[in-house]
Amino acid sequence: MQTAAKISNKVLITLLFEGNQSDRNYSVYIPELRLGVIGDTLEEARENAIDLARMELARLIESVKKNVPIIERLEIEFG
């Protein structure tokens, strides 16, 4: 009998930082989630990215819980 896999509460994400000289802020891109944020300082940008990642991951988990896929394996005849 198969049981549901336990979902870990930790995930490794990548943060790509880019400074914007004209606006004097930092943008951060999270490639795994295809999302980005900005902050006035590097630290603020990092905190904003972490907050965004937590919100998006929580949303994704809830979405998966509500939309459980149906998977069937069929043996068919052909030829």
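The values are calculated or read from the model by the stated rules, or taken from the named source; none is laboratory data. Keep in mind it's a predicted model, so treat the numbers as computed, not measured. Reconstructed Cβ throughout: ideal geometry from the backbone, glycine too, with neighbour counts over all protein chains shown. What goes into the accessible areas is simple: the full protein's heavy atoms, side chains included, and nothing from ligands, DNA or RNA. Shrake-Rupley method; radii C 1.70, N 1.55, O 1.52, S 1.80 Å.
Based on Cα coordinates alone, diagonalise the gyration tensor for the chain, multiply each eigenvalue by 5, take square roots, and list the semi-axes in whole Å, largest first.
Equivalent ellipsoid of the chain: 40, 15, 10 Å, largest first.
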note = Under the helix-only model (-39500 (n - 2.57) for each DSSP H run of 4 or more, divided by the residues of the chain), the mean residue ellipticity at 222 nm, to 500 deg cm²/dmol, is -11000 deg cm²/dmol
remark   = the chain accessible area per residue, 1.4 Å probe, protein heavy atoms, integer Å², reads 95
request  = Rank by packing, highest mean first: peptides 65-73, 37-45, 25-33, with packing defined as the count of other Cβ atoms within 10 Å averaged across residues.
outcome  = 25-33, 37-45, 65-73
ask   = Given Cα pairs under 8 Å that are at least 6 residues apart, what percent is the relative contact order of the chain?
value = 17
